[in-house]
């Protein structure tokens, strides 16, 4: 009886060690085209102001918002 318990324990441990290894070698799913961004940053400052106006932001708030995005690196500095 003791020998059966030992064999059973060995089988359980072997399967437990093999299961994570089998899962780790699976290939990751390819990124879907639906989640891909159409354009990448940094965007132009003018485009940012146009988008802010399109979303109903006031001119002052839109400028502030775009300035914040410049600080984060999402929008290029305005041409002066």
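The values are calculated or read from the model by the stated rules, or taken from the named source; none is laboratory data. No experiment lies behind these values; they were computed from the predicted model shown. Cβ atoms come from the backbone with ideal geometry, glycine included; neighbour counts cover every protein chain shown.
Take segment 65-80 and flag every residue that is outside any loop (DSSP other than H, G, I, E, B) and exposed (fewer than 13 other Cβ atoms within 10 Å of the Cβ). Working first, answer last.
Residues of segment 65-80 outside any loop (DSSP other than H, G, I, E, B): 65-72, 75.
Within segment 65-80, 68, 71, 72 qualify.
The single condition among (1) surrounded by 10 or more Cβ atoms within 10 Å (Cβ to Cβ); (2) at pLDDT 95 or above; (3) assigned to a helix (DSSP H, G or I) that residue 57 does not satisfy is (3).
Pairs, please: C-beta under 7 Å, at least 6 apart or cross-chain, first residue touching a residue at least 60 places away in the same chain (Cβ under 8 Å) and in segment 53-77, second assigned to a helix (DSSP H, G or I)? Between residues of segment 53-77 that are touching a residue at least 60 places away in the same chain (Cβ under 8 Å) and residues that are assigned to a helix (DSSP H, G or I), there is no close pair.
Of everything in segment 32-54 that's in a loop (DSSP other than H, G, I, E, B) and exposed (fewer than 10 other Cβ atoms within 10 Å of the Cβ), which residue is modelled with the highest pLDDT?
Per the criteria, the residue is 40.
Every residue, every condition in (1) part of a helix (DSSP H, G or I); (2) loosely packed, with under 10 Cβ neighbours inside 10 Å; (3) modelled with pLDDT of 95 or more; (4) under 24 Å from the mean Cα position of the chain (by Cα), yes or no:
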position: 7; (1), (2), (3), (4): yes, no, no, no
position: 10; (1), (2), (3), (4): yes, no, no, no
position: 14; (1), (2), (3), (4): yes, no, no, no
position: 23; (1), (2), (3), (4): yes, yes, no, yes
position: 26; (1), (2), (3), (4): no, yes, no, yes
position: 30; (1), (2), (3), (4): no, yes, no, yes
